[in-house]
Every structure is written in C-alpha cells, then in structure tokens.
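Structure, as structure tokens:
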Protein chains: 2
Amino acid sequence: MNDLKKDIQPVSTATMADMVESRLREYLKRKSFVPGDALPKEQELADALGVSRNVVREALSRLRMLGMIDTRKKRGMILAQPDILGSLERVLDPLILGKNTLQDIFELRLVLEMGLADLIYLRKTPADIAQLETIVAQEVNKQQKPFRVEHEIAFHGKLYQMTGNDTYMRFQKMLLPVFEYVLDYEIKTNGQAEVGKVTHHDLVETLKTGNAEDFRKGMKEHLKPHFDRLKA
Amino acid sequence: MNDLKKDIQPVSTATMADMVESRLREYLKRKSFVPGDALPKEQELADALGVSRNVVREALSRLRMLGMIDTRKKRGMILAQPDILGSLERVLDPLILGKNTLQDIFELRLVLEMGLADLIYLRKTPADIAQLETIVAQEVNKQQKPFRVEHEIAFHGKLYQMTGNDTYMRFQKMLLPVFEYVLDYEIKTNGQAEVGKVTHHDLVETLKTGNAEDFRKGMKEHLKPHFDRLKA
DNA sequence: ATAATTCCTTTTGTACTACATATTGATCGG
DNA sequence: CCGATCAATATGTAGTACAAAAGGAATTAT
C-alpha cells in the first residue's frame with residue numbers, strides 16, 4: 001500500500017534538492033562527522049555533486065532548519081546537534097494534520113500519561129509535592145472553563161517536569177494543543193465529557209502515601225472518561 | 001537559560017530564508033488554508049515579501065521537506081498534510097544526538113512501553129495473540145545475540161501494532177535504534193544486563209488470562225533491568 | 001616587542017537572468 | 001463531437017554578480 005508509494009514516488013518526483021539532501025545526509029554519516037566538524041564550502045559541494053550552488057543551498061537550508069548544521073559567515077558550516085523536537089514542533093499543528101493522525105496523537109498522549117508513573121516515583125522530591133499541592137489548592141476556587149484548562153496544564157505539566165526528563169516534558173507540552181483540539185471536537189459532537197472519579201487532589205495524596213502502581217491506577221481512573229471514548 | 005537563546009538568536013542570526021519560512025507558516029495559518037488549496041506562485045510570493053525568488057525557494061524547500069506543501073510543475077503548489085514522524089525520522093540518528101537527549105529518548109521508550117497496556121486490551125484480537133505465540137515459540141530455539149535482538153523487535157513491535165495506533169507504532173519503531181544504541185553503551189560500561197524475571201511468554205499468558213493492570217505489572221517486571229539502570 | 005587597529009581575503013547570503021521541462025488548456029483537424 | 005497537436009505557464013536548475021561579515025595578516029603605536 002504505502003510501501004509502494006515510498007518506492008515509486010521518489011524516482012519520479014525526486015528533485016535535485018531532494019537527492020542532494022539525501023547525499024549530504026549519507027556523506028555526514030559515512031564520514032562519521034561529529035558536532036563541531038567543518039563541512040566543505042557550498043561551491044565545493046556543488047562541484048562535487050555536479051549541481052548548481054543554488055540546489056546545494058536548498059538542501060543545506062533544510063538541514064539548517066533541522067539544526068543539523070550551523071553556518072557562520074566566513075568560517076563555513078559546521079555540524080551541529082539537532083534539536084529532535086524542534087522539527088516536530090513545526091509540523092504539529094492541529095489545523096493541518098489529518099483526522100486519523102490527530103486521533104493517534106490523542107491516544108499517544110494517554111499512553112504517555114499512563115507510563116510516567118515510574119519515572120515520577122524515581123525522581124520526585126518533597127518540593128515537587130509541595131508545588132503540586134499549591135497548584136491543586138488554586139484549582140478549588142475557580143472552576144470556570146478557561147481556568148480549568150489552565151489548571152489541567154499546570155498540574156499535568158508539573159507531573160512531566162517531575163520526571164526530570166526534559167525531552168519527555170517538551171514532547172508532552174507540544175502534544176497539548178492537539179489534545180485540546182481533539183477534546184473540543186469530541187465535546188462538540190458527543191456532548192460534555194464527565195470528569196474522572198479520581199481528582200488531582202487524590203493523585204497528589206497517592207504520590208505522598210502510595211507507590212507507582214497505585215499512582216498508575218489512580219491516573220487510569222482520572223483519565224477514564226478519555227479512555228471510554230476510544231473506539232475499539 | 002534556553003529561553004533566552006530562543007529569543008535572541010533569531011534576531012541576530014535570522015536569515016531571509018528563516019523569516020520567509022516563518023512568514024509563510026503564519027500566512028498559511030492565518031488564511032486557514034486546508035489541504036489541497038493552491039498557493040500563490042513563487043514569483044508572486046517573492047514580490048510580496050520583497051525578496052528574491054531564490055530565498056522563497058529555500059523556505060519552500062523546507063516546507064516541502066516537511067510535507068507541508070506539494071508542488072507540481074505547472075499547477076503550482078498546494079498545501080498538503082505533513083507526515084509528523086517523517087521530520088522526526090530525519091533527525092533521529094544516535095550518532096548525531098547528544099548524550100542527554102539519547103538518555104531522554106531511552107527513558108521515553110520505557111514510558112511508552114509501560115503505557116501501552118490499555119490500548120492493547122482495548123483492541124487485541126485472538127489472531128494477535130496467536131501471532132504473538134508464534135513469535136515466542138521461535139524465540140526458544142535461538143538465543144544467540146543477533147537473533148535475540150530480532151526477536152525483541154518482533155515481539156515488542158507486534159505489541160505496538162496491536163494498539164491499532166499507526167503513529168504510535170511508527171514512533172516506537174523509530175525509537176528502537178536509539179534504544180539499542182544506549183543499551184550497547186550501557187553494557188560496554190556496566191557489563192551485561194541481566195534479563196527480566198517476566199519473559200515474553202509470561203506476558204502472552206497474561207494477555208490471555210489477565211487484565212490491563214496485570215499486563216502493566218508484568219511489563220514493569222520485564223523491563224525491570226532497564227528501570228534499575230536509571231539514575232534518580 | 002607587544003598590543004591594538006586597519007585592511008584584505010574568503011565564504012556565506014541575496015538578487016537577477018536565462019532557460020529547460022512538464023503540465024495544462026486551448027485550438028485545430030478529423 | 002472527439003482526439004491530437006501546440007502554445008502558455010509555473011516550477012526546476014544553472015550561472016553570474018555583488019554585499020556583508022568574519023577571520024587573519026600586516027601595519028602602526030606605545
């Protein structure tokens with residue numbers, strides 16, 4: 001199905017820039033360049049590849065966007081360490097993604113949320129718990145719609161942060177808009193979602209007294225309305 | 001820390017292509033383009049932005065790489081649905097990522113693995129179980145090193161597939177090389193890792209008789225050696 | 001002699017032109 | 001009325017030219 005497309009399309013529609021991009025990738029890998037190493041100049045690459053400098057620049061522009069290379073005016077280009085999530089960020093717009101992908105991401109976030117218990121228990125500190133309690137305390141007062149979302153983000157965001165895993169935290173943050181978007185859509189079609197039986201407050205209590213297993217169970221209950229909506 | 005960098009760097013080092021890329025993104029969002037809509041021609045964009053067509057093409061080249069736009073020879077460019085993971089794929093190379101990021105991804109995969117139980121129980125079929133049993137049966141014979149990795153991939157890969165979530169599955173597959181890479185590194189420095197008490201065979205049994213909660217516990221035990229290696 | 005300044009060289013960034021190529025749509029012929 | 005050929009058009013590629021910045025070399029001053 002899709003495999004055929006991936007085999008045939010590149011042959012027919014591959015442009016020079018595409019090929020040069022791929023060649024450069026291969027070149028960097030084969031030469032075992034490490035971050036900081038200098039790359040040949042644009043003109044040299046163009047000559048070596050037998051294309052115009054224009055094409056080379058289009059390919060380099062892509063690698064530059066991904067953070068794979070850094071270029072400075074006279075010093076030439078150097079290999080850099082790309083920010084993996086930086087590239088994702090650019091594409092993760094609910095408005096341009098397909099419905100299936102959005103649904104997949106929605107589920108992915110549930111999976112992530114369910115799996116973070118062990119990391120949290122590995123690294124949580126009393127200070128973290130205290131902050132969570134502050135967040136929960138502020139929730140009690142304001143239950144209006146705009147604030148509820150804010151508190152959801154504050155609470156769950158703090159949980160990600162407690163994992164001590166920066167990539168994980170940023171990843172979750174990026175997924176948030178998609179989550180909200182799908183949620184809004186679901187609510188519009190299926191009516192208001194009820195809230196889970198286990199509250200944020202309960203989860204914090206579990207963090208203080210229970211173990212990772214308990215926390216996972218609590219989180220499952222907390223997210224139950226979302227899970228119930230999933231189609232088998 | 002990094003926030004400052006993100007605010008200051010763009011001002012100082014932003015090239016025209018960077019700005020045009022950002023402008024185009026904003027433009028697409030503001031005009032609420034939907035996939036299939038036609039974009040203005042390159043020359044028109046260049047004129048409107050006050051830059052050369054060259055710069056516009058560098059920016060478009062980036063969007064094209066991300067799959068955000070499709071272009072055909074005369075028909076112009078049309079907005080497309082980007083493949084979110086496609087962009088990740090290009091950057092997820094263990095050799096060029098930093099050590100911290102690699103460690104983060106290693107942990108991320110453990111998190112994902114721990115969180116997939118509910119999706120599996122929502123969607124598993126008898127056929128899936130049968131396939132898993134076949135995979136496990138083949139494991140028994142060959143325990144040599146190259147085969148073990150293959151079976152690991154086959155087994156866990158099948159689990160992802162059972163979630164019915166294509167994005168999730170591809171994501172996991174992409175994370176695999178990083179996982180292996182970090183694992184190899186750990187083994188080299190800390191010696192061979194022992195294997196978890198719960199085997200693949202046990203997990204399949206749980207899938208047949210137990211519930212999602214049991215499966216999560218089993219998976220935790222199965223991955224215990226990895227979790228034990230994590231630093232608090 | 002050492003340090004600071006100035007100038008020159010080099011490489012990227014941008015602009016412009018020209019033309020090839022493919023696709024669309026229209027015109028022309030059967 | 002349908003099919004084929006041909007022209008128009010937008011992207012793809014090449015090539016030239018020059019501006020700007022950054023590093024290094026040479027020169028001057030203390």
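For chain B, carbon and sulfur atoms together expose 53% of the accessible surface, with a 1.4 angstrom probe and every protein chain in place. Couplings 3J(HN,Hα) for segment A:98-111, derived from phi with the Karplus relation 6.51 cos²θ - 1.76 cosθ + 1.60 (θ = phi - 60°), are x, 4, 4, 4, 4, 4, 4, 5, 4, 5, 4, 5, 4, 4 Hz, where x marks Gly and Pro.
Per residue, the accessible area of segment A:87-229 comes to 46 Å² when a 1.4 Å probe rolls over the protein heavy atoms. Among A:120, A:129, A:96, the residue with the largest mean-square fluctuation in a Gaussian network model of chain A, with springs joining Cα atoms closer than 10 Å, is A:96. Along segment B:172-189 the Karplus relation, 6.51 cos²θ - 1.76 cosθ + 1.60 evaluated at θ = phi - 60°, assigns HN-Hα couplings of 4, 4, 5, 6, 3, x, 5, 4, 4, 4, 5, 4, 4, 4, 4, 5, 5, 8 Hz to successive residues, with x for each Gly and Pro.
The phi torsions of segment B:88-93, fed into the Karplus equation with coefficients 6.51, -1.76 and 1.60 and a -60° offset, translate into couplings of 4, 3, 5, 9, 7, 10 Hz, rounded to whole numbers, with Gly and Pro shown as x.
Please determine, in degrees from 0 to 90 and to the nearest 10, the orientation of helix B:126-141 with respect to the longest principal axis defined by the Cα atoms of chain B, where the helix direction is its Cα long axis. Roughly 70 degrees between the two axes.
For residue A:76, nonlocal amide neighbours, meaning residues 5 or more places apart or on other chains whose placed amide H falls under 5 Å from its own, do not occur. Ranked by solvent-accessible area (1.4 Å probe, protein heavy atoms only, all chains present), the residues A:21, B:89 order from largest to smallest as B:89, A:21.
For the Cα atoms of chain B, what angle does the longest principal axis make with the long axis of helix B:145-162, in degrees from 0 to 90, nearest 10? For B:145-162 against chain B, the angle is about 70 degrees.
Cut-off under 15 Å on the C-alpha distance; same-chain residues fewer than 8 positions from residue B:99 excluded. Which aspartates and glutamates are left, in chain and number order? Partners found: A:83, A:166, B:107, B:180, B:184, B:186. Once A and B are treated as a pair rather than alone, how much accessible area drops out, both sides summed, in Å² to 100, probe 1.4 Å? Approximately 5200 Å², summed over both chains.
The mean count of C-beta atoms from other chains within 10 Å of the C-beta of residues in B:54-64, rounded to a whole number, is 5. Placing a label point 7 Å from Cα along the Cα-to-Cβ axis, residue A:22 is separated from the same position in the other copies by 3.3 nm, shortest listed first.
Where chain A is carried onto chain B by rotation, the Cβ closest to that axis, with its residue and distance in Å, is A:115, 1. Each stretch of four or more DSSP H residues adds -39500 (n - 2.57); spread over every residue of the protein assembly as shown, this sum gives -22500 deg cm²/dmol at 222 nm. A simple charge model with +1 on the Cβ of Lys and Arg, -1 on the Cβ of Asp and Glu and nothing else charged puts the dipole of the protein assembly as shown at about 1360 debye relative to its Cα centre.
The convex hull drawn around the Cα atoms of segment B:87-229, when projected onto a plane and averaged over every direction, covers 8.6 nm².
Label-point distances for residue B:190 to the equivalent site in the other copies, using a point 7 angstrom along Cα→C-beta, read 4.1 nm when ranked shortest first. Computed from point charges on the beta carbon alone (+1 for Lys and Arg, -1 for Asp and Glu), the dipole magnitude for segment A:72-220 about its Cα centre is near 780 Debye. To the nearest 10 degrees, how steep is helix B:200-209 against the longest Cα principal axis of chain B, on a 0 to 90 scale? Helix B:200-209 sits at roughly 90 degrees to that axis.
Each principal axis of the Cα cloud of the protein assembly as shown was taken in turn, and the coordinate range along them, longest first, works out to 62, 60, 43 Å. Label-to-label distances for residue A:94 across copies, nearest first, come out at 3.7 nm, using points 7 Å from Cα in the beta-carbon direction. Near residue B:68, no amide H atom lies under 5 Å from its own; only residues 5 or more places off or on other chains count, and H is placed 1.01 Å from N.
The values are calculated or read from the model by the stated rules, or taken from the named source; none is laboratory data. It should be emphasised that the depicted structure is a prediction, and the values quoted were computed from it without experimental measurement. As a convention, Cβ positions derive from the backbone with ideal geometry for all residues, glycine included, and neighbour counts pool all protein chains shown. Accessible surface is based on the protein model in full, side chains and every heavy atom, while ligands, DNA and RNA are left aside. Shrake-Rupley method; radii C 1.70, N 1.55, O 1.52, S 1.80 Å.
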